[in-house]
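Participant: Below are the structure tokens for one structure; questions will follow.
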Number of protein chains: 2
Amino acid sequence: MDITAVNSLHYEDFVSVFGNVVEKCPIVAAAVCSQRPFNSLNSLEAAISEFIDALPQSGKEGILRCHPDLAGRDLQRGTLTKESNEEQARAGLDALESTEASRMAQLNQQYKTKFGFPFVICARMNDKDRILQQLSERCGNEVELERERGIEEVKKICSLRLHGLVNTEARNKL
Amino acid sequence: MDITAVNSLHYEDFVSVFGNVVEKCPIVAAAVCSQRPFNSLNSLEAAISEFIDALPQSGKEGILRCHPDLAGRDLQRGTLTKESNEEQARAGLDALESTEASRMAQLNQQYKTKFGFPFVICARMNDKDRILQQLSERCGNEVELERERGIEEVKKICSLRLHGLVNTEARNKL
């Protein structure tokens with residue numbers, strides 16, 4: 001689908017296609033869809049980013065709390081969204097050794113207890129070792145910084161999901 | 001579950017239990033959960049209402065666009081949320097006569113084409129005749145009024161869903 005096709009979708013189809021570019025937050029796509037037509041995928045991405053930035057702090061934390069733990073109970077139970085499942089598998093999180101799995105679970109818990117929201121990182125831009133290292137480091141940050149860092153990661157995840165849905169190659173536009 | 005139990009839920013369980021009190025918008029419950037402890041169900045409901053009111057206009061429209069049509073394709077395909085399915089069935093929307101179904105589909109389409117978001121009404125406070133009458137009347141309103149009316153209905157739906165989840169009878173608190 002190219003941006004012209006995106007612009008001509010009925011709002012219901014727009015929300016259906018883009019509803020999970022921000023994990024479990026279809027309100028985000030649903031909010032920006034009336035800003036169409038977008039000139040480019042970058043414009044759509046910018047609109048989403050602005051919507052998120054304009055949310056109150058509680059709303060940003062709300063977005064973070066809609067995210068699953070990495071290598072957590074949703075992965076174990078098979079209840080991840082399709083997108084999260086693919087991203088966690090690609091980072092090797094579905095095949096952790098038992099010591100890695102224990103360490104991840106312990107650090108996830110420590111992070112959530114300290115901040116009241118889960119550790120969010122763009123799994124597709126990291127592998128399991130880097131994710132464990134980041135999780136460990138970020139447990140030491142202040143809550144304000146982590147809220148910002150988490151939202152930055154949400155935007156990276158969103159960007160990759162958008163690029164998976166919308167074709168930006170001019171020669172493939174037909 | 002009474003309000004004390006609500007206040008002691010881990011945030012993940014809070015989001016899991018209350019994630020659909022606003023249809024397909026778990027961000028709302030996830031945003032207010034850090035305001036706990038709530039004194040009462042009314043306090044929780046007020047926090048949700050304030051969060052919705054503080055959203056930009058696009059966010060309010062986003063909430064409306066996360067709602068399914070009444071007697072629409074999600075009902076036909078069996079893809080309604082559990083809550084919506086029960087509410088639509090209770091209002092008799094799963095057993096419309098063919099003339100009623102045609103009228104509903106035509107008016108829903110007219111409403112969406114005019115406003116760019118779906119007609120939202122608290123089905124549990126109305127029956128199918130009243131819903132058709134309201135839908136027909138509200139098609140004639142201005143968009144600003146309908147955005148407000150829709151959000152009022154979202155709050156009514158939310159209130160009934162909350163009361164279905166949280167016990168407010170003092171004698172049943174144990």
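Here, each number is a calculation from the coordinates, and none is a lab measurement. Note that the coordinates shown come from a computational prediction; the quantities given were computed from them, not determined experimentally. With ideal geometry, Cβ positions are generated from the backbone for all residues, glycine too; neighbour counts draw on all protein chains shown.
Participant: Please give, to one decimal in nm, the separation of the simple spin-label points placed at residue B:114 and residue A:143, each 7 Å out from Cα toward the Cβ.
Facilitator: 4.6
Participant: Compute the distribution of all C-alpha to C-alpha distances in the protein assembly as shown, in bins of 20 Å from 0, and list the percent of pairs in each, rounded to whole numbers.
Facilitator: 29, 56, 15, 0
Participant: Within segment A:114-143, name every residue whose backbone N is under 19 Å away from a label modeled 7 Å from Cα of residue A:99 along the Cβ vector.
Facilitator: A:128-137
Participant: Using only C-alpha positions, report the orientation-averaged shadow area of the convex hull of segment A:3-62, nm², one decimal. Please list the in-between numbers first.
Facilitator: Values: hull surface 15.0 nm².
Here the figure is 3.8 nm², rounded to one decimal.
Participant: Okay, moving on. For A:49-59, what's the mean count of beta carbons from other chains sitting within 10 Å of each residue's beta carbon? It would help to have the intermediate numbers written out before the result.
Facilitator: Working: counts 0, 2, 5, 0, 0, 4, 7, 5, 2, 12, 9.
Neighbouring Cβ atoms belonging to other protein chains average 4 per residue here.
Participant: Kindly flag which residue pairs out of A:112/B:24; A:112/B:156; A:24/A:128; A:82/A:114; B:24/B:82; A:128/A:156 have an alpha-carbon separation exceeding 21 Å in this structure. Intermediate results must be reported in sequence, preceding the final value.
Facilitator: On the way: A:112/B:24 24 Å; A:112/B:156 32 Å; A:24/A:128 23 Å; A:82/A:114 29 Å; B:24/B:82 11 Å; A:128/A:156 17 Å.
Beyond 21 Å between Cα atoms: A:112/B:24; A:112/B:156; A:24/A:128; A:82/A:114.
Participant: Along Cα→Cβ, 7 Å out, is where each label goes; now give me the distance between the ones at residue B:50 and residue A:13 in nm to one decimal.
Facilitator: 4.2
Participant: Can you name the chain A residue with its Cβ nearest the rotation axis from A to B, and give the distance in Å as a whole number?
Facilitator: Spelled out, residue of A and its Cβ distance from the axis onto B: A:27, 3.
Participant: Taking residue B:137 in one copy and the same position in all the others, each labelled 7 Å out along Cα→Cβ, what are the pairwise distances from the first, in nm, shortest first?
Facilitator: The projected label point of residue B:137 is separated from its counterparts by 6.1 nm.
Participant: I would also like to ask the following. Report, by chain and number, residues whose modeled amide H sits under 5 Å from the one on residue A:66, excluding near sequence neighbours (fewer than 5 apart, same chain).
Facilitator: none
Participant: Which value in nm describes the separation of the simple spin-label points at residue A:86 and residue B:106, placed 7 Å from the Cα toward the beta carbon?
Facilitator: For residue A:86 paired with residue B:106, the spin-label model returns 4.2 nm.
Participant: Between copies, how far apart are the residue A:97 label points? List them in nm, one decimal, shortest first, with each point 7 Å from Cα toward Cβ, please?
Facilitator: Output for residue A:97: 7.2 nm, nearest copy listed first.
Participant: If you don't mind, there's one more thing I want to ask. Taking a quarter of the surface of the convex hull around the Cα atoms of chain A, what do you get in nm²?
Facilitator: The orientation-averaged projected area of the Cα hull of chain A comes to 10.3 nm².
Participant: For residue B:78, place a label point 7 Å from Cα along the Cα-to-Cβ direction in every copy; what are the distances to the other copies, in nm, shortest first?
Facilitator: 1.8
Participant: Determine how many Å³ per residue the convex hull of the Cα atoms of segment A:68-150 encloses. Can you show the working numbers first?
Facilitator: Details: hull volume 7.1 nm³, N = 83.
It is 85 Å³ per residue.
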